[in-house]
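The values are calculated or read from the model by the stated rules, or taken from the named source; none is laboratory data. These figures come from a predicted structure and were not determined experimentally. Positions of Cβ are backbone-derived with ideal geometry, glycine not excepted, and every protein chain shown enters the neighbour counts.
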Amino acid sequence: MIAAAVLAALAMICAVAAWRLTFARWTWRAPRTAILLWQSLGLTWGLASIGALLAFALDPYRKGVVHGLAEFLLSVEFGVRQPYDYLRLAALVAGLSLLAVLVALPLAAGAQTLRARRRHRLLLALVARDEPAVPGVRVVDFPGAAAYCLPGLKSQVVISDGTLHLLSSAELEAVLAHEAAHVRERHDLVLLPFAALRRALPWSKLVRDAQASVELLVEMAADDRALQRCCPRRLATALLRFGTSAALPTPQGALGVSAPSSVMARVDRLVRPEVALPAAHRFLILAGSVVLATSAPLLWLLPG
Amino acid sequence: MKGLGELERSIMDILWAENTPLTAREVGRLIEDRDLAPTTVMTVLDRLARKGFLTRTRDGRAWRYQPAASRDAYVAELMLEALDMTGDRDAALTRFARAVSGSEAEILLKALTELEEE
């Protein structure tokens, strides 16, 4: 019963930490480290929640989650004798369902994402053109402002024709450096599990906030990387021009509520940079993330 | 000879420019690259039809091809996704920034003016 209690406590700790992290501002001073912490919290929360349910259900085996589950699957004997056992049975079903959901959803989301990208790539091949002014970038004839990266084995950076008119050449360079950072660091893979979790728990404010936080941190990480090739001011003005370019009417309800202030937060960070988080702090957070992420699998092995 | 992707593109451009369904022979005549084998044009038209970008109708012994949707419709589809206006916030693309509206746009505009004046 100890393993179940510890795992349940761990899941609670992760949830509370995630909730606190959605308000934290130090994360903006070390986006990369913060992203790692988010990933660790998400993974540990999932493993701890499933583990707590299974550890409780398989407690009579006294062998821990992993070996207990193996024995249960081999013997298929659960031993429902008293009312208390029904509770255990319910925990078993809940634990296995949660496991299935948390494995299946990212896979489904991944498959759907791949399909959407494939379609996008096909269409781009037909309607996008190359522009001598911006080699290696696909240009779509569209008056509004759009700049994005289509990730994949052969990632493509795409901008709209309107972007070419909207930005100066220095600003355009800053935007392209930002998109190149997304490509190089495969930020889409960072975002995928959070998008999947959001789809799994659409009513959860915490999950929604977590996804928004990670999205913003990924943008900030790409901004930081872009600064190696451009000056902060040009990236800031490019962001502001993009933000105010709303040439399109915003469809009702389509954009959600999480967009506000993220542009301004990024601009503030570029124009009035804060000191980066000290290396010692970052190392501590890093170490903490690793310990956290390894704790849950170890607890799955803890007997009793 | 151009790559297959490039060829698909020019054939779509031709069919979008002409407002009437064309046969493979007619497409071949309009294509810039005159050395192209007629079978290549047929192959590419067939590929595009299978991908759903062209529809075809029988005309005697030949097929007549026309675009399934306009060029603008495809651009719109791409840009809806690019601007994250499809409603489901998936992780298919990573975007530079979103446009905002209303009072927030005013704040951004003010910041932009300040930055440009400095």
Scan region B:37-54 for residues that are more than 9 Å from chain A (Cβ to nearest Cβ) and surrounded by 15 or more Cβ atoms within 10 Å (Cβ to Cβ) and jot them down.
B:T40, B:V41, B:M42, B:V44, B:L45, B:D46, B:R47, B:A49, B:L54
Options B:A99, B:A68, B:A111, B:A37: the member that is farther than 18 Å from A:R119 by Cα, without any contact (Cβ under 8 Å) to a residue 24 or more places away in the chain and in contact with a Ser or Thr (Cβ under 7 Å, 6 or more places away or on another chain):
B:A99
Can you tell me which condition B:R64 does not meet? The list is (1) in contact with a Leu (Cβ under 7 Å, 6 or more places away or on another chain); (2) within 11 Å of chain A (Cβ to nearest Cβ); (3) basic (K, R), and all the others hold.
(2)
The residue that is nearest to the chain's Cα centre (by Cα), considering only those in region A:24-40 that are within 21 Å of A:L99 (Cα to Cα) and buried (at least 21 other Cβ atoms within 10 Å of the Cβ), is A:W38
Please go through region A:113-128 and pick out each residue that is at the interface with chain B (Cβ under 7 Å from one of its Cβ atoms) and either out of contact with any strand residue (DSSP E or B) (no Cβ under 7 Å at 6 or more places or on another chain) or not in a helix (DSSP H, G or I) (or both).
A:T113, A:A116, A:L122, A:L123, A:A125, A:L126
Checked B:T55, B:T43, B:T23 against criteria (among the polar types (S, T, N, Q) and in contact with a helix residue (DSSP H, G or I) (Cβ under 8 Å, 6 or more places away or on another chain)); the one match is B:T55
Apart from one, (1) closer than 18 Å to A:D188 by Cα; (2) facing another protein chain (nearest Cβ under 8 Å) all hold for A:S160; the odd one out is (1)
Single match in A:L164, A:L105, A:L150 (criterion: surrounded by fewer than 21 Cβ atoms within 10 Å (Cβ to Cβ), in contact with a helix residue (DSSP H, G or I) (Cβ under 9 Å, 6 or more places away or on another chain) and modelled with pLDDT of 90 or more)
A:L164
Of the residues A:L21, A:L53, only one is farther than 14 Å from A:V291 by Cα and surrounded by fewer than 22 Cβ atoms within 10 Å (Cβ to Cβ); which?
A:L21
Here is a check on your reading of the model: is A:L150 over 22 Å from A:F242 (Cβ atoms) and not β-branched (V, I, T)?
no
If we keep just the residues of region B:70-118 that are exposed (fewer than 15 other Cβ atoms within 10 Å of the Cβ) and assigned to a loop (DSSP other than H, G, I, E, B), which is modelled with the lowest pLDDT?
B:G87
Among the residues of region B:6-26, write down those that are within 18 Å of the chain's Cα centre (by Cα) and either of a type in the set (K, R) or in a helix (DSSP H, G or I) (or both).
B:E6, B:L7, B:E8, B:R9, B:S10, B:I11, B:M12, B:D13, B:I14, B:L15, B:W16, B:A17
Which is closer than 23 Å to A:G144 by Cα, at pLDDT below 90 and under 17 Å from the mean Cα position of the chain (by Cα), of A:A247, A:A259, A:A200, A:A254?
A:A259
Among (1) of a type in the set (D, E); (2) assigned by TED's automatic domain parsing to the domain that holds B:M12; (3) within 30 Å of A:A195 (Cα to Cα), there is one condition B:E77 misses while meeting the rest; what is its number?
(2)
For the subset of region A:129-157 comprising residues that are at the interface with chain B (Cβ under 9 Å from one of its Cβ atoms) and among the small types (G, A, S), which member is farthest from the chain's Cα centre (by Cα)?
A:G144
Considering only residues that are more than 10 Å from chain B (Cβ to nearest Cβ), more than 24 Å from A:R29 (Cβ to Cβ) and basic (K, R), which ones fall in region A:168-214?
A:K205
Wholly inside region A:148-228, helices (runs of 4 or more DSSP H) that include 2 or more residues that are more than 18 Å from A:L43 (Cβ to Cβ) and among the basic types (K, R) are A:205-226
Of all residues in region A:278-304, how many are loosely packed, with under 14 Cβ neighbours inside 10 Å and farther than 20 Å from A:A48 by Cα?
5
Breaking point among (1) at pLDDT below 85; (2) assigned to a helix (DSSP H, G or I); (3) surrounded by fewer than 14 Cβ atoms within 10 Å (Cβ to Cβ), for A:E77
(2)
